[in-house]
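For reference, the structure discussed in these notes is given below.
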Amino acid sequence: MLEKILLYLDGGETVKVLAPWALKLAKAFEARIFAVFVVNQATLKEQAQKTKQKIKNLHSNLEEEAWAILYEIEDDAFEENVKISLILEEGKPEERLLEVLKSFELDAMIVSSQAKLDFKELIDRCQGKTLIIK
């Protein structure tokens, strides 16, 4: 039974395609969604070098974008009468996702096949949890 589902959001198409599908799944199982966005410091450093922008500015912009995405899915969840928790993390996405999965004792994790993740690491370390890649 799926009671608590982690939904990894990394912006872009994830929100438009994956989020509505995840909300329908959660509604069908009367499950709570844990919507997670991870600010990846390594990616910020790479972007700073490429764009010559300060990491602090990039971090601030990404954090604002992340909260906008999380609040958008929260609004959608309320419309669908789905319980939701919003989580903004920092660090390596795979590590943060697995930590959230473990600490909240979640039943499943939904991630986009387009997400920039090490899927092998996720699969190897999911420890018997359901991993849905869509």
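Out of 131, 122, one residue alone is surrounded by fewer than 18 Cβ atoms within 10 Å (Cβ to Cβ), of a type in the set (A, V, I, L, M) and either part of a helix (DSSP H, G or I) or in contact with a helix residue (DSSP H, G or I) (Cβ under 8 Å, 6 or more places away or on another chain) (or both). It is 131. The set of residues from region 112-134 being in contact (Cβ under 8 Å) with a residue 40 or more places away in the chain and in contact with a Lys or Arg (Cβ under 8 Å, 6 or more places away or on another chain) comprises just one member, 112. Say we look at region 1-39 and pick out the residues that are out of contact with any helix residue (DSSP H, G or I) (no Cβ under 9 Å at 6 or more places or on another chain) and among the hydrophobic types (A, V, I, L, M, F, W, C); which of these is surrounded by the most Cβ atoms within 10 Å (Cβ to Cβ)? Only one residue fits best here, namely 18. Among the criteria (1) in contact with a helix residue (DSSP H, G or I) (Cβ under 9 Å, 6 or more places away or on another chain); (2) assigned to a helix (DSSP H, G or I); (3) closer than 20 Å to residue 80 by Cβ; (4) not charged (D, E, K, R), the one residue 59 does not fulfil is (3). Can you work out which of the residues in region 98-121 that are touching a strand residue (DSSP E or B) at 6+ places or on another chain (Cβ under 6 Å) and farther than 17 Å from residue 3 by Cβ is modelled with the lowest pLDDT? So, considering only residues that are touching a strand residue (DSSP E or B) at 6+ places or on another chain (Cβ under 6 Å) and farther than 17 Å from residue 3 by Cβ, the one modelled with the lowest pLDDT is 113.
The values are calculated or read from the model by the stated rules, or taken from the named source; none is laboratory data. Note that this is a predicted model, so its numbers are computed, not measured. Neighbour counts run over all protein chains shown; Cβ positions are idealised from the backbone, glycine included.
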